[in-house]
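The values are calculated or read from the model by the stated rules, or taken from the named source; none is laboratory data. Predicted model only: the values in this text are computed from it and were never measured. Cβ placement follows ideal geometry from the backbone for every residue including glycine, while neighbour counts extend to all protein chains displayed. The accessibility values were calculated without ligands, DNA or RNA, using every heavy atom of the protein model including side chains. Shrake-Rupley method; radii C 1.70, N 1.55, O 1.52, S 1.80 Å.
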Amino acid sequence: MSVKIPKRFQNKLLPSVLSLIYNNPLDNGNGIVNYLETSPYYFEEYTIHGARHITAVLNYADKLIPQSDYEKMSELDISVLVLGILLHDLGMFIKESGLKYLLQLETKNVYDNNGINCTWKELWDGFIKKLKHSSGNELDEIFGDKEHIFDLSSHQVCATFIRKYHHLIAYHIAIHGFPGKANHKLLNGISEDCARLIGLLAKSHGMALRDLNEEVDDFGYDNNLPLNVPIYYLMSILRLADLLDADESRAPKILSDMNNFSSLRSENEWTLNQLIKGRQWADDTGKPDTLKMIATPTNSKQFLELKSWFDYWQKELDLSWAIIGETHNDRFKLSIR
């Protein structure tokens, strides 16, 4: 399956963007979708993160934007949104050579969870140190019944590091390129500032939105509009659209039945996705600003886990409305509350 872009987004994409996505003539015809159509090397047990997931996130993003707000958005706004969505999980697709490439970089161009500028190797070392002091239950979730090895030779450790920091890898990809034996530039023809903004959007789904204020201000534009793009609105849309892609189509039972899961966390994610059977938007229910999720838990544990999941989604939705109001003076809205 290849990535499919909603019609409204296609109508407003900058002409150069489609060639970056599907067939980049400046880079031997290698568009972004080529990466998304491969299998994530470290994540055989994870729910689907490739072209099907990206298509779904694009569709949910489209659904979250009311027509009146879509009409306010420029070609650049839509192009940044689409490219940010395409890149947001691309860090999950790096392989062993890509991780080693990042770890040998000597420049301090990544920030840890405490906001300290560091190298990728320093980030890795801090991660390993903390992992070694994790609880037995946390280690069991990562390693299953396999030996606890805390270095690059452990597939599980590398996967955990990439999953934890894949949003930072997405930012690296936007600015520098896809890491492998060498960096493979993906955003050819995009200005440095625009690539940085796309990277900021892709990175935002793994961070608290208010923690990004300083980076938004660094662009030098007023009113939270770097390059005149309503970035907090776009960050909210990506965040919510990503969360909404959860149902049995993202974790087909026929595939999970083929696996013996070594990670309890992965097995639980597949089960929860399979319990979500459908959704109804306001157009279907006639209830303005609402989205109804239909799920079928079969026991109290599943019920409580789904309830916790949906409570978290509602919290993120409420927070997104608050931040959009604070940063864009209620100029933009979402289709659901």
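List the relative contact order of the chain as a percent without decimals, with contacts defined as Cα pairs under 8 Å and 6+ residues apart. Before the final figure, lay out each step's value.
Numbers: 440 pairs, mean separation 65.8, N = 337.
Relative contact order for the chain comes out at 20 percent.
Ligands, DNA and RNA left out, the 1.4 Å accessible surface of the chain is 49% carbon and sulfur atoms. Residue-wise HN-Hα couplings along the range 81-89, as the Karplus relation 6.51 cos²θ - 1.76 cosθ + 1.60 with θ = phi - 60° gives them from phi, are 4, 5, 5, x, 5, 4, 8, 4, 10 Hz; Gly and Pro carry x. Here are a few candidate values for Cα extents along the principal axes in Å: (1) 55, 51, 38; (2) 91, 64, 38; (3) 67, 49, 45. Which one was actually calculated from the structure I just gave you? Computing Cα extents along the principal axes in Å and matching it to (1) 55, 51, 38; (2) 91, 64, 38; (3) 67, 49, 45 gives (1). In the chain, helical runs assigned H by DSSP with n ≥ 4 each contribute -39500 (n - 2.57); averaged across all residues and rounded to the nearest 500, the mean residue ellipticity at 222 nm is -16000 deg cm²/dmol.
The order of Y171, Y232 by accessible area, most exposed first and with a 1.4 Å probe, is Y171, Y232.
Each label was represented as a point 7 Å from its Cα along the Cα-to-Cβ direction; for I294 and Q104 these points are 5.4 nm apart.
Would you please classify the overall shape of the range 59-160 from the alpha carbon gyration tensor, given that a ≥ b ≥ c denote the square roots of the eigenvalues, rounded means a/c under 1.5, and beyond that prolate means a/b larger than b/c while oblate covers the rest?
Values: a/c = 2.66, a/b = 1.95, b/c = 1.37.
It comes out prolate by the Cα gyration axes.
Close amide H contacts of V110 (hydrogens built in the peptide plane, cut-off under 5 Å, sequence separation of 5 or more or a different chain): C118.
For the chain, the per residue solvent-accessible surface stands at 48 Å², with DNA, RNA and ligands left out and a 1.4 Å probe.
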